[in-house]
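Okay, handing you the structure first.
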């Protein structure tokens, strides 16, 4: 190697002649350029000399070649001279790409493709990426390897304890931008390259059990490709893959994992949705609830990925955002909508809509409603969509009241049509009316959250009052008896206060306990308690969701002026619905069976679904529900939604 | 562009029964999976297609999977570059040792240093560098220039990568050629192209070729062989 270095430092005797012979040079006098061209000639000569069957190569040439290959070997650390030599070689090779042969220069190529650019100095990295770009452009045969090499470098090196070294973290942005830049240059020069790239990314995509740092790094870099032309070509595929990964992580988080910490510590947090300390200053809050998901690896990975995706969405300009929204809607429809146990992945739609409430927010609501009312859609999608619409309109702060009323009108109209349709037919068994009941429930649920704010607008209020609730609730299908009692009760209470349902509500129907109808309905084909946008529990990414999220405790209800705050909270934490008896013994609960309300409120019992919700028996015995606004895992399998009859 | 040609083919496209409601769409989609790939049977890259249906006869393919075959006549636009053809492309990247251009916005072409005439000198200054002809300083090839070049080799295995050469006469930057190259200028003004004889010239591809769905059980993978047609080989 020293021979090599000295050779370049003081050009060999023939060099003057070579310099004079140079034909394609700028004829600049800087030493650097001459040195570069000397290096180029050298490299060219070496490459040419081994371009034959191994046994034909002169030993001297072979030696030269081996030395060159050795310099390019990055597995050995380099001192400054070596580094400079390395860069020179890279530059020379960039120019000599046409002389590289895939068979004869195999070991050379191996060394190039095996490089981990994270370990390189910045200048070296730039030179190397230039070489890779040129290799990709010169012939198809290197294209796949070049792309693969770049994709392999999406993930940083992992050292002990599965951590990314700190120096890698600080260089991350720079490296990613260079990688994406190279990929884009390649795609500009070889327009069909993105097709290949798409397949390569597909294969290299991190799997469920991969290391968290690698996963996050890969997705972050991958989403960096989602701009301009590359984004137009493969953006949709990339997003679909990311959403697939999110969904997969999501369904692997179980509620046991989430609740694990609670009863271990014996602290009773606030209801999980109130992550900050309450107005009453109980002092519970952040520390308590945020440990919930500590133990779960999938949750952590999902958390990290949600941060990456949200950041990416936030960084898009308006035009691109609209395109992404369209793509996301398609992806949502194809995958997320039908995943019944997804807990957090759907919040990417929530976040996207929050970025542009007027257009996207409304657009999403209309999109969901259309699925509900479209006869050609399959039953599971429709049921899911109606749950989404209910939860979305309630929880999204950025949706204006008039959008809510418009959507409600559509849903109510659909229900009325359905009733009309039914009236012409014989009474059919209940399971067939699942979608109808689900829609009624969704409407009531939304009104629980929104009624008060709608009342503030006279025109909306009158629109609302013109809706045929009376007809609907007095219909022989009796939605009030079938829908979840807690929702019905809350709705009736608020609606009565507002004067919406004074006329028809039957005193006996107040505080309806679950009737037989509902029970049957619930027992066999349970109207699922699926509220997709229930409070978000992942701590890192929570900051994206929280500003736009409406917690039940923040909702102003129509009756809240009359009663003082304590009562209101009590109303929600109302013990009788807590169904103490069904809880497991080993779950420590301080609630006394004598239902001392005051003590209860002081203890601030959480209504978190204890194991009662994880056990089937709770389902059957109407496991304590207050406002289902709180976290409720939906555990009934989608098959139960399968409808056997017809629906309008 | 010499390499573009139209061809008519009689094909049988096999369609899955789930698409029976809209056969036209299914056939169209099936043919679209072949777009921008080099097809041996067509001897070129499919750029666009238009189908006409022949009658109502649809044979059902026997066997485990009940695909039905739809006979169609397809008008196709193919791109089949051959050695010695003259192609036009837009320069995308330049280097001391190579010029990279894009043909038809889709195909990549590279011209190596050995195939660039001596008179072109590379100047690194300026945006991305440029090649300037010593004999006429106005003949400049830089990023964004449209150039005519002759095809030296076509690599059809993957993306139809073209290796070209600027050595033959009447090649170079088109803008300059249209002014200074008498023959080329007359060619374009008269709107006629000089006839070139190619190794292959066909108008119809007869016979029943099949195009299966990607997910069909019949193995539709064609063997990938390296097809490098080079000058003199």
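The values are calculated or read from the model by the stated rules, or taken from the named source; none is laboratory data. Nothing here was measured: the structure is a model prediction, and the numbers come from that model. Note: ideal-geometry Cβ built from the backbone for every residue, glycine included; neighbour counts use all protein chains shown.
Note down all Cβ pairs under 6 Å where the first residue falls in region B:28-45 and is part of a loop (DSSP other than H, G, I, E, B), the second is buried (at least 20 other Cβ atoms within 10 Å of the Cβ), and they're at least six residues apart or on different chains.
Close Cβ pairs satisfying both conditions: B:34/B:46; B:35/B:46; B:42/B:78; B:43/B:80.
Now, a different point. With respect to residue A:218, is the statement that it is away from every other protein chain (no Cβ under 14 Å), within 18 Å of the chain's Cα centre (by Cα), closer than 28 Å to residue A:301 by Cα and surrounded by fewer than 16 Cβ atoms within 10 Å (Cβ to Cβ) true?
Criteria not met by residue A:218.
Does residue A:27 fit the bill of being surrounded by fewer than 17 Cβ atoms within 10 Å (Cβ to Cβ) and at pLDDT 80 or above?
So residue A:27 fails the test.
Would you mind telling me which numbered condition in (1) within 14 Å of chain B (Cβ to nearest Cβ); (2) within 30 Å of residue A:86 (Cβ to Cβ); (3) surrounded by 21 or more Cβ atoms within 10 Å (Cβ to Cβ) residue A:145 fails?
So residue A:145 meets the others, but not (3).
Which count do you get for residues in region B:82-92 that are within 14 Å of chain A (Cβ to nearest Cβ) and surrounded by 19 or more Cβ atoms within 10 Å (Cβ to Cβ)?
Adding up the residues that qualify gives 3.
For every residue, the table says whether it meets (1) buried (at least 18 other Cβ atoms within 10 Å of the Cβ); (2) away from chain A (no Cβ under 14 Å); (3) farther than 30 Å from residue B:9 by Cβ; (4) modelled with pLDDT of 80 or more.
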{"position": "B:123", "(1), (2), (3), (4)": "no, no, yes, yes"}
{"position": "B:134", "(1), (2), (3), (4)": "no, no, yes, yes"}
{"position": "B:137", "(1), (2), (3), (4)": "no, yes, yes, yes"}
{"position": "B:150", "(1), (2), (3), (4)": "yes, yes, no, yes"}
{"position": "B:159", "(1), (2), (3), (4)": "yes, no, no, yes"}
{"position": "B:162", "(1), (2), (3), (4)": "yes, no, no, yes"}
{"position": "B:204", "(1), (2), (3), (4)": "no, yes, no, no"}
{"position": "B:226", "(1), (2), (3), (4)": "no, no, no, no"}
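Hey, another quick one. Of the conditions (1) exposed (fewer than 14 other Cβ atoms within 10 Å of the Cβ); (2) touching a helix residue (DSSP H, G or I) at 6+ places or on another chain (Cβ under 8 Å), residue B:64 satisfies every one except a single condition; which number is it?
Unmet for residue B:64, out of (1) exposed (fewer than 14 other Cβ atoms within 10 Å of the Cβ); (2) touching a helix residue (DSSP H, G or I) at 6+ places or on another chain (Cβ under 8 Å): (2).
Also: From the list A:132, A:186, which residue is facing chain B (nearest Cβ under 10 Å), in contact with a helix residue (DSSP H, G or I) (Cβ under 6 Å, 6 or more places away or on another chain), part of a helix (DSSP H, G or I) and crowded, with 23+ Cβ neighbours inside 10 Å?
A:186
Every residue, every condition in (1) surrounded by fewer than 16 Cβ atoms within 10 Å (Cβ to Cβ); (2) touching a strand residue (DSSP E or B) at 6+ places or on another chain (Cβ under 8 Å), yes or no:
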| site | (1), (2) |
| --- | --- |
| A:139 | no, yes |
| A:150 | no, no |
| A:154 | no, no |
| A:166 | yes, no |
| A:170 | yes, no |
| A:176 | no, no |
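If you check residue A:124 against the conditions, is it in a helix (DSSP H, G or I) and in contact with a strand residue (DSSP E or B) (Cβ under 9 Å, 6 or more places away or on another chain)?
Judged against the criteria, residue A:124 is not a match.
Let me ask something else about it. With respect to the numbered conditions (1) over 23 Å from residue A:248 (Cβ atoms); (2) more than 14 Å from chain B (Cβ to nearest Cβ); (3) modelled with pLDDT of 90 or more, which one is the sole condition not fulfilled by residue A:152?
Of everything listed in (1) over 23 Å from residue A:248 (Cβ atoms); (2) more than 14 Å from chain B (Cβ to nearest Cβ); (3) modelled with pLDDT of 90 or more, residue A:152 misses just condition (1).
Return only the number of the condition from (1) within 13 Å of another protein chain (Cβ to nearest Cβ); (2) over 25 Å from residue A:198 (Cβ atoms); (3) crowded, with 17+ Cβ neighbours inside 10 Å that residue A:88 does not satisfy.
(1)
Determine whether residue A:158 is away from every other protein chain (no Cβ under 14 Å), modelled with pLDDT under 85 and surrounded by fewer than 20 Cβ atoms within 10 Å (Cβ to Cβ).
yes
Applying the selection to region B:93-107, what residues are within 7 Å of another protein chain (Cβ to nearest Cβ) and farther than 14 Å from residue B:148 by Cα?
B:93, B:95, B:96, B:97, B:98, B:105, B:106
Let me ask another. Taking region A:197-214 only, how many residues are in a helix (DSSP H, G or I) and modelled with pLDDT of 90 or more?
Residues in region A:197-214 being in a helix (DSSP H, G or I) and modelled with pLDDT of 90 or more: 8 in total.
What single numbered condition from (1) at pLDDT 90 or above; (2) in contact with a strand residue (DSSP E or B) (Cβ under 7 Å, 6 or more places away or on another chain); (3) more than 10 Å from chain A (Cβ to nearest Cβ) fails to hold for residue B:29?
With respect to (1) at pLDDT 90 or above; (2) in contact with a strand residue (DSSP E or B) (Cβ under 7 Å, 6 or more places away or on another chain); (3) more than 10 Å from chain A (Cβ to nearest Cβ), residue B:29 is out only on (2).
Then there's this: Suppose the filter is at pLDDT 85 or above, more than 29 Å from residue A:184 (Cβ to Cβ) and more than 9 Å from chain A (Cβ to nearest Cβ); does residue B:111 pass it?
Answer is no for this residue.
Still on this structure, I have one more. Would you mind finding the one in A:123, A:82 that is under 41 Å from the mean Cα position of the chain (by Cα) and either crowded, with 21+ Cβ neighbours inside 10 Å or more than 14 Å from chain B (Cβ to nearest Cβ) (or both)?
So the residue among A:123, A:82 that is under 41 Å from the mean Cα position of the chain (by Cα) and either crowded, with 21+ Cβ neighbours inside 10 Å or more than 14 Å from chain B (Cβ to nearest Cβ) (or both) is A:123.
Let me ask something else. With respect to residue A:335, determine if the residue is more than 25 Å from residue A:388 (Cβ to Cβ) and at pLDDT 85 or above.
Judged against the criteria, residue A:335 is not a match.
So, one more: Quick one: what pairs do we get from region B:171-188, first residue assigned by the TED database to the domain that holds residue B:132 and farther than 22 Å from residue B:115 by Cβ, second at pLDDT 80 or above and assigned to a helix (DSSP H, G or I), C-beta under 6 Å, 6+ apart or different chains?
Note: pairs meeting the criteria are B:185/B:178.
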